[in-house]
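Below is one structure, written out as C-alpha cells; comments come after it.
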Amino acid sequence: MIHHLEFCKNDICYIILIGHIKFILLMLENARKVKQKNYTSNQTVNLDDMDTIKSLWADPGMRKCYKECKECQLTDSQRYFIDHIDRITESNYIPNLYDILHCTINSCGITEHSYNIDGHLLRFIDIRGARTERRKWIHYFDNMSVLMFIVALSDYNKIESYSDGENRLDIAKSLFKAIIDYPWFQNCGIMLFMSKKDIIEEQIMHTNLVDYFPEFRGPKKNAHEATEFIIKMFVELNTDHDRIIYPYSVCLLDAENVRSVLASAIKDMVMNQNLMKNTISTCCCF
C-alpha cells in the first residue's frame with residue numbers, strides 16, 4: 001500500500017539495503033562501521049557507506065557466514081536488494097519499478113486506501129500495524145463487506161524471532177482462525193490471498209515442505225502441491241459451513257496479476273455473497 005504514496009527519492013532503497021546488510025552483520029565483530037549507521041527515512045545516505053557495504057558483501061567469509069547461519073532469515077525484500085547490490089550502489093542509481101515495489105515499510109496503526117476495480121470502489125482498511133490491539137480497529141467493521149487475509153506462501157520455512165521461534169505460517173493460521181471467529185466478521189465474505197507464489201516456486205526447489213509440516217504428503221519440489229496444501233490448512237480452519245472461503249494465489253509484485261485476481265474475486269463475491277453495493281469495504285490482515 002505504501003506504493004500508493006509519492007516516491008521521489010532513491011534514498012529509501014539505500015536505507016533499506018543498509019538495514020538488510022546490518023541484519024546479517026550482527027554476527028560479525030568486524031562490521032563496526034556499518035553497524036553504527038542508523039539512517040532514518042528523512043536522511044540523505046552517504047554513498048561512501050554504500051561502498052563499504054559492497055566490499056563487505058563481496059568478502060567470501062561473510063557470504064559463507066550468511067549461507068551457513070540458519071538464523072539469518074532474510075525477507076524477500078532484503079534478498080532482492082542484496083542480489084542487486086552492484087546496480088543499487090552505482091553512483092548514478094535511479095530506482096526502477098521493481099525496486100520501489102520491494103521497498104517495505106512496517107505499518108504503524110491503521111491505514112486506509114481506496115481503489116476502483118471494475119466499477120467497484122474498494123475501501124481497504126489495513127490493520128496489520130495494530131492487529132494485536134482489537135480495541136483500536138474493531139469499530140471500523142460495523143458494515144464490513146469483505147475480509148481479505150493475506151498469507152505469504154514462502155513463510156512455511158521461516159520462524160518469528162519475537163515469538164519463541166514459532167513458524168510464521170503457524171502464527172498466520174492462529175491469527176486467521178481468531179479473526180474469522182470474531183462475531184463482527186460472521187457476515188463477511190472471506191478472501192484468502194496466498195501471496196508470493198513466485199517465491200515459493202523458486203524456494204520449494206531447495207527446501208522440503210515436509211520438514212516443517214510433517215503432515216504434508218505431496219511430492220517434493222512441486223510448488224502447486226505445496227500451495228494447495230497450505231491453502232487447505234487455512235480453509236479447514238473455517239467451522240462455519242455456510243460461509244465460503246475464497247482462496248487466490250497471487251504475485252503481489254505483478255500489478256496486472258493482482259488487478260485480475262481482485263476483479264475475479266469481486267465477481268465471485270457479488271455473485272455468491274449478494275454484494276450489490278458499489279463500495280466494498282475490505283479489511284486487510286497480513
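The values are calculated or read from the model by the stated rules, or taken from the named source; none is laboratory data. Here the structure is a predicted model, which is why all the values come from computation and not from measurement. Cβ: placed from backbone, ideal geometry, glycine included. Neighbour counts: every protein chain shown.
Odds and ends about this structure:
- When we screen Glu90, Glu71 for residues that are modelled with pLDDT of 80 or more and either in a loop (DSSP other than H, G, I, E, B) or at positive phi (or both), the only hit is Glu90.
- In region 167-201, the residues that are over 17 Å from the mean Cα position of the chain (by Cα) and not polar (S, T, N, Q): Lys177, Ala178, Ile179, Ile180, Asp181, Tyr182, Pro183, Trp184, Phe185, Cys188, Gly189, Ile190
- The set of residues from region 246-265 being touching a Leu at 6+ places or on another chain (Cβ under 9 Å), under 22 Å from Met233 (Cβ atoms) and small (Gly, Ala, Ser) comprises just one member, Ser249.
- When Met233, Met191 are screened for being over 27 Å from Ile100 (Cα atoms), surrounded by 17 or more Cβ atoms within 10 Å (Cβ to Cβ) and either modelled with pLDDT under 95 or in the same structural domain as Ile117 (by the TED database) (or both), only Met233 passes.
- Each residue in region 236-252 was checked for being part of a loop (DSSP other than H, G, I, E, B) and either polar (S, T, N, Q) or crowded, with 19+ Cβ neighbours inside 10 Å (or both), and 3 pass.
- The residues of region 248-259 that are of a type in the set (S, T, N, Q) and closer than 17 Å to Leu101 by Cβ amount to a single one, Asn257.
- Region 187-216, residues that are out of contact with any strand residue (DSSP E or B) (no Cβ under 7 Å at 6 or more places or on another chain) and not in a loop (DSSP other than H, G, I, E, B): Asp198, Ile199, Ile200, Glu201, Glu202, Gln203, Leu209, Val210, Asp211
- Pairs where the first residue, in region 164-181, is in a helix (DSSP H, G or I) and the second is loosely packed, with under 13 Cβ neighbours inside 10 Å, C-beta under 7 Å, 6+ apart: Ile171/Ser163
- Qualifying residue in region 208-215 (condition: modelled with pLDDT of 90 or more, under 25 Å from Gly165 (Cβ atoms) and in contact with a helix residue (DSSP H, G or I) (Cβ under 6 Å, 6 or more places away or on another chain)): yes
- Boolean, Ala226 is over 16 Å from Leu153 (Cα atoms) and either in a helix (DSSP H, G or I) or out of contact with any Pro (no Cβ under 6 Å at 6 or more places or on another chain) (or both): no
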